[in-house]
Amino acid sequence: MLNIKCHNQVFPNIQAILFDKNGTLEDSEEQLRNLAQKAARIIDAQFPGTGEPLLMAYGVNGNRLDAAGMMSVASRRETEIATAAYIAETGKGWFECLKIACQALDDAEKYVFQFPAPLFPGSREILQTLSQGGLKLGILSAATTEEVKTFISNHQLGDYLQLAMGVDGNISKPNPLLFLQACAQLGVEPGATLVIGDSVGDMEMARNGKAAGCVGITWVNQVNNVAGADVVIRSWDEIEVY
């Protein structure tokens, strides 16, 4: 067990840390914005007039992606359902709308995800430091488990992480059951597990799951995006281990 200190906040006797992926370890803003724009174009080509409202729903405003918006924090399934709802306004049947939305997102991902998004500065180093200290580390993301595993493989982070977990079913952030399942897979107590993420969903999940604490990281300097955090940091240098 280790003590983790961020500013004046100390989290004692920590066994494990669960990290979010998008916006926490991975600088995915550009990639997710491109994904939203590509999916909106694909759907607008089939249903003219739906593209702009979809972009707003995804959280895209010009060349900016809202770090708290749908494309940034929602699961793939949630994004499919929301996308299908916009298509449904054209009068299509619901199951057909879901099929169209899923296909559009699949096609957009194939185009956008050809190259991996970069790590934020210091992401590899903090994982290495914490792992060498004997902590169990995992990723708990709203992305799919397959996407989490691809991320770990692309950046060769497998030596530091014992868990690669995403959202593959109906349970998503901020449902604390997701956090409890991750702790069970790691073989650690929730009360000795720290959560680090960049969204309100991460903070709520940690609190409702009785985690040891929740650290909000905001690379975009939007403290409201991590409301409910025990402490907020803006870089990995603000974490001390002893």
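Applying 0.36 nm per residue to the separation of residue 90 and residue 224 and subtracting their alpha-carbon distance, the gain on full extension is 44.7 nm. Listed cross-link partners 110/173; 149/173; 38/99; 99/173; 149/210 are compared with a 22 Å cut-off, the Cα-Cα value being larger for 110/173; 99/173; 149/210. GNM on the chain, alpha-carbon springs under 10 angstrom: the most fluctuating residue among 167, 60, 220 is 220.
The stretch between residue 128 and residue 107, if pulled fully straight at 0.36 nm per residue, gains 4.1 nm over its current Cα-Cα span. Using only side-chain charges placed at the Cβ, +1 for Lys and Arg and -1 for Asp and Glu, the dipole size of the range 29-112 relative to its Cα centre rounds to 80 debye.
Using DSSP, restrict attention to beta bridges with both residues in the chain and report what percent are antiparallel, rounded to the nearest 5.
35
With contacts taken as Cα pairs under 8 Å and at least 6 residues apart, the range 29-112 reaches a relative contact order of 33 percent. When the chain is treated as a Gaussian network with alpha carbon springs shorter than 10 Å, the biggest mean-square fluctuation among 88, 117, 143 belongs to 88. Which angle from 0 to 90°, rounded to the nearest 10, does the C-alpha axis of helix 176-186 make with the longest principal axis of the chain? Once rounded, the angle reads 50 degrees.
Averaging the Cα positions of each part gives two centres, and for the range 197-213 and the range 17-48 these lie 23 Å apart. Considering only 187, 228, 216, and ranking their Cα positions along the charge dipole of the chain that arises from unit charges at the beta-carbon of Lys, Arg, Asp and Glu, the one farthest toward the positive end is 187.
Reducing the range 97-147 and the range 218-238 to their Cα centroids gives an inter-centroid distance of 20 Å.
Computed on the Cα trace of the range 29-112, the radius of gyration divided by the Kirkwood hydrodynamic radius gives Rg/Rh = 0.93. Taking the Cα centre of the chain as origin and assigning +1 to Lys and Arg Cβ atoms and -1 to Asp and Glu Cβ atoms, the resulting dipole is close to 220 debye.
Values in this text are rule-based calculations from the coordinates and carry no lab data. Given the structure is predicted, the values throughout are model-derived calculations rather than measurements. Note that we place each Cβ from the backbone using ideal geometry, even for glycine, and neighbour counts take in every protein chain shown.
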